[in-house]
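Contents: one structure, followed by commentary.
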Amino acid sequence: MSERRYPHGLPESGPTWWPFLPAFTPGHPGLGQVRRIWVAALVLAVALAVFEAVVDLSGIPITVAGVGFSVSIYPPLVITVLLALWFGPVWGAIPAWAATFVSGLIAGMTVSVAALFATATPLEVMILWGSFVILDLPPDLPRWRHLAAFSGVVVVASTASSLAGLLYIDSRQLDLLASQRIWEGWVIGDVLQL
């Protein structure tokens with residue numbers, strides 16, 4: 001079985017990586033539409049982060065078949081992961097940071113704490129993107145082994161980023177039960193969204 005290849009001869013696997021800064025120089029007029037799409041995705045990610053923070057979609061208690069658990073819904077995550085897989089890690093990390101920063105401010109964090117909190121989503125995006133590269137996973141996950149590897153990476157990335165939940169918990173002065181719902185919701189919610 002031969003490996004799929006792009007017309008330019010490179011293997012067709014793993015995510016793409018367009019250099020970020022050169023795409024914003026005047027010498028690349030053909031990338032105008034890509035730049036506009038990226039800016040629109042950034043604005044959408046921030047708007048959805050504002051919506052999520054105002055509506056408070058964190059740690060929603062759910063019961064399925066008698067088993068109770070919590071889920072958090074964070075729509076900017078999906079947008080920023082797709083940006084990273086389609087264009088490169090920086091293309092996803094910048095909107096991820098901006099959206100999470102705004103969400104932290106709305107949650108009542110100080111600017112410095114919100115700036116630290118905002119590193120959680122880019123960390124998750126970078127872990128996912130880097131794992132696609134290191135494991136040579138095609139973004140369309142065509143085989144069961146690709147899906148299995150992706151599932152493991154999603155759990156690791158979600159758990160790593162959930163540590164920022166401690167900043168959220170502290171800024172809100174949550175009790176132990178509410179804190180557990182936030183952390184559990186973060187991990188389970190991110191896994192389900194991805």
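For beta carbons closer than 9 Å, sequence separation of 6+ or different chains, a first residue in the range 127-138 that is over 13 Å from Gly88 (Cα atoms) and surrounded by 15 or more Cβ atoms within 10 Å (Cβ to Cβ) and a second that is of a type in the set (S, T, N, Q) and modelled with pLDDT under 85, the qualifying pairs are Leu137/Ser13; Pro138/Ser13. In the range 16-49, of all residues being under 13 Å from Pro95 (Cα atoms) and crowded, with 16+ Cβ neighbours inside 10 Å, the one that is modelled with the lowest pLDDT corresponds to Trp38. Only one of the numbered conditions (1) open to solvent by less than 20 Å² (accessible area, probe 1.4 Å); (2) under 17 Å from the mean Cα position of the chain (by Cα) is violated by Ala160, and that is (1). Pairs are defined by a Cβ separation below 6 Å, a sequence spacing of at least 6 or placement on different chains, a first member in the range 155-179 that is without any contact (Cβ under 8 Å) to a residue 24 or more places away in the chain and within 17 Å of Thr119 (Cβ to Cβ), and a second member that is small (Gly, Ala, Ser) and assigned to a helix (DSSP H, G or I); the pairs so defined are Ile169/Ser179. In the condition set (1) farther than 30 Å from Leu31 by Cβ; (2) of a type outside the set (D, E, K, R); (3) in contact with a Leu (Cβ under 7 Å, 6 or more places away or on another chain), Pro76 is compliant with all but (1).
One line per residue, one yes/no per condition, for (1) without any contact (Cβ under 8 Å) to a residue 40 or more places away in the chain; (2) open to solvent by 60 Å² or more (accessible area, probe 1.4 Å); (3) in contact with a Lys or Arg (Cβ under 9 Å, 6 or more places away or on another chain):
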| position | (1), (2), (3) |
| --- | --- |
| Asp56 | yes, yes, no |
| Ile60 | no, no, yes |
| Thr63 | yes, yes, no |
| Gly66 | yes, yes, no |
| Ser70 | no, no, yes |
| Tyr74 | no, no, no |
| Ile79 | yes, no, no |
| Leu83 | no, no, no |
| Trp86 | no, yes, no |
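The set of residues from the range 103-150 being among the polar types (S, T, N, Q) and either closer than 25 Å to Asp170 by Cα or at pLDDT 95 or above (or both) comprises Ser103, Thr110, Ser112, Thr119, Thr121.
Please indicate, with yes or no, whether at least one residue in the range 91-103 is over 12 Å from the mean Cα position of the chain (by Cα) and within 19 Å of Leu166 (Cβ to Cβ). Yes, some residue in the range 91-103 is over 12 Å from the mean Cα position of the chain (by Cα) and within 19 Å of Leu166 (Cβ to Cβ).
The values are calculated or read from the model by the stated rules, or taken from the named source; none is laboratory data. Quick caveat, the model's predicted, so the values are computed rather than measured. For neighbour counting, all protein chains shown are included, and Cβ atoms are generated from backbone atoms with ideal geometry for every residue, glycine included. The accessibility values were calculated without ligands, DNA or RNA, using every heavy atom of the protein model including side chains. Shrake-Rupley method; radii C 1.70, N 1.55, O 1.52, S 1.80 Å.
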